[in-house]
Amino acid sequence: MNNLRNKVQLIGNLGGTPVIKTFGKDKKVANFSIATTDTYYNNQGERVTDTQWHNLVCWNKTADIVEKYLDKGSQIAIEGKITNDSWEDKEGNKRYTTKIVVNELMMLGNK
């Protein structure tokens, strides 16, 4: 049951080209976002589309795959965990961001 405490699975499309950074000889990180879309009917019977954006980060071999094969619009399935970061901006305000650290990635859709 420990594996279920912080686990997220998403299927979505990349919103832009991943940003890749390399550290040292063999450390690599990829940052990108994906959009997930749900459609439902509201109380008035109108069709509503709800799109959510998720920030993702991949490391090392997974980042290599992202760099080589993924681009804006690519459809992927991911499994990972949610992380929250905080920092102070230039004006001293506390800022927060939520990211998903990807453990597994599957490319979907057409080549």
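Here the gap between Asp38 and Lys94, fully extended at 0.36 nm per residue and compared with their Cα-Cα distance, gives a gain of 17.0 nm. Here's the list of lysines a cross-link from Lys25 could span, going by alpha-carbon distance under 21 Å and ignoring same-chain residues fewer than 8 apart: Lys61, Lys68.
Computed per residue of the chain from DSSP H runs no shorter than four, each worth -39500 (n - 2.57), the mean residue ellipticity at 222 nm is -2500 deg cm²/dmol. Derived scalar couplings between HN and Hα for segment 40-47 equal 8, 10, 7, 4, 8, x, 8, 6 Hz in order, rounded to whole Hz, by the Karplus curve 6.51 cos²θ - 1.76 cosθ + 1.60 (θ = phi - 60°), x for Gly and Pro.
Between the amide H of Gly15 and those of Ser33, Ile34, Ala35, Gly73, distances stay under 5 Å, these residues lying 5 or more places away or on another chain, with hydrogens modeled in the peptide plane. Amide H contacts under 5 Å for Lys28: Phe23, Asn60, restricted to partners 5 or more places along the chain or on a different chain, H placed in the peptide plane at 1.01 Å from N. Net charge of the neighbourhood of Asp85, taken over other residues with C-beta under 10 Å away and scored Lys/Arg +1, Asp/Glu -1, is +2. Counting other Cβ atoms within 10 Å, which GluC sites (Glu not before Pro) in segment 24-92 have at most 14 and lie in a DSSP loop? Here the GluC sites (Glu not before Pro) that fit, given the DSSP loop and packing criteria, are Glu46, Glu91. Computing Cα Rg over 2.2 N^0.38 Å directly from the structure and comparing it against (i) 1.24; (ii) 1.30; (iii) 1.08 singles out (i).
Working note: Karplus 6.51/-1.76/1.60 with θ = phi - 60° gives segment 91-97 the couplings 8, x, 7, 6, 10, 10, 8 Hz, where Gly and Pro are set to x.
Read the figures in this text as sums done on the coordinates, not as results from a lab. The structure presented is a predicted model; accordingly, all values stated were derived computationally and were not measured. Please note: Cβ atoms are built from the backbone with ideal geometry, for glycine as well, and neighbour counts cover all protein chains shown.
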